[in-house]
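Below: the structure, in structure tokens.
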Amino acid sequence: ALRDGGYEQIDIEVDLAGEAFGKELVGSVDCVATKSNGTEAVIDFKYSGKRYREMLKDGSAIQLATYAYGRSEGNRFPSVAYLIISD
């Protein structure tokens with residue numbers, strides 16, 4: 001699906017280190033995909049869809065937004081998506 005969307009480079013478990021809002025940001029992004037023009041996508045894999053669907057609805061799913069912030073460059077943010085595996 002990522003390649004069909006024009007993404008060419010796909011990396012799994014990409015280290016993330018930096019600062020966000022005055023706090024240290026350390027983690028590992030499940031998947032980073034990049035297009036030839038440099039556009040990035042950050043994908044976070046989740047198992048068991050119901051919990052994360054509810055978190056998305058009520059605005060408490062902030063992990064993906066934090067990863068996007070950590071991967072941002074100036075005012076340029078990556079596309080983001082959760083891949084929820086329910087079965």
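The values are calculated or read from the model by the stated rules, or taken from the named source; none is laboratory data. Please read these numbers as outputs of a predicted model, since none were measured by experiment. Don't worry about glycine lacking a Cβ; one is built from the backbone with ideal geometry, like all the others, and counts go over all protein chains shown. Remember, those area values only see protein heavy atoms, side chains included, never the ligands or the DNA or RNA. Shrake-Rupley method; radii C 1.70, N 1.55, O 1.52, S 1.80 Å.
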Legend entry - Hits in the stretch 52-64 (condition: surrounded by 12 or more Cβ atoms within 10 Å (Cβ to Cβ) and of a type outside the set (Phe, Trp, Tyr)): Arg53, Met55, Leu56, Ala61, Gln63, Leu64
Inset, instruction - Write out, first by first residue and then by second, each pair whose Cβ atoms fall under 8 Å of each other, whose residues are 6+ apart or on separate chains, and whose first residue, in the stretch 1-21, is in contact (Cβ under 8 Å) with a residue 12 or more places away in the chain while the second is assigned to a loop (DSSP other than H, G, I, E, B) and surrounded by 11 or more Cβ atoms within 10 Å (Cβ to Cβ). - result: Ile10/Leu2
Legend entry - Tabulated pairs, the stretch 53-82, first over 14 Å from Thr34 (Cα atoms) and part of a loop (DSSP other than H, G, I, E, B), second open to solvent by 40 Å² or more (accessible area, probe 1.4 Å) and not aromatic (Phe, Trp, Tyr), C-beta under 8 angstrom, 6+ apart or interchain: Ala61/Met55
Inset, instruction - Consider Phe77 carefully, then state whether it is farther than 19 Å from Ala1 by Cβ and open to solvent by 70 Å² or more (accessible area, probe 1.4 Å). - result: yes
